[in-house]
Amino acid sequence: MQEQNAKLLAQLKDKDDENFRLMSSRVKDSSKQTVLEDAARARDMKLKALEERVEAQAVCLQKTEEAEKLAQEQLTKLMAELSASHQLAESCR
């Protein structure tokens with residue numbers, strides 16, 4: 001009877017040890033998962049900020065290109081007027 005009790009106690013101790021090991025592992029894994037989730041959220045926020053920045057730069061570039069196009073059109077128009085003025089001045093001489 002004592003031998004059987006000793007075996008049962010040994011089995012109980014082994015199961016308790018295994019349970020403790022599994023619980024420790026679960027706590028560590030949960031902690032790692034939390035860290036990874038936080039890192040993923042931080043990465044997603046950084047990505048969103050970069051995407052917003054790229055979008056803002058694209059809008060700025062588009063406005064700059066439109067302004068450049070208008071300036072080029074005005075320059076072309078002014079050059080044509082200047083050329084016409086020179087021709088008129090030459091013809092009046």
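Values in this text are rule-based calculations from the coordinates and carry no lab data. All values reported here derive from a predicted model rather than from experimental measurement.
Length gained on full extension, Ser91 to Glu73, computed as 0.36 nm times the residue gap minus the Cα-Cα distance: 3.8 nm.
Only one of the values (i) 5.1; (ii) 9.0; (iii) 7.9 was calculated from this structure for mean projected area of the Cα convex hull in nm²; name its label. Step by step, mean projected area of the Cα convex hull in nm² for this structure corresponds to label (iii). Note on segment 15-56: percent of Cα-Cα distances in each 5 Å bin, starting at 0 and stopping at the bin with the largest distance, equals 6, 21, 12, 14, 9, 9, 8, 6, 6, 3, 3, 1, 0. The phi-based Karplus calculation (6.51 cos²θ - 1.76 cosθ + 1.60; θ = phi - 60°) puts the 3J(HN,Hα) values of segment 37-50 at 5, 4, 5, 5, 5, 5, 5, 5, 5, 5, 4, 4, 4, 5 Hz, whole numbers, x for Gly and Pro.
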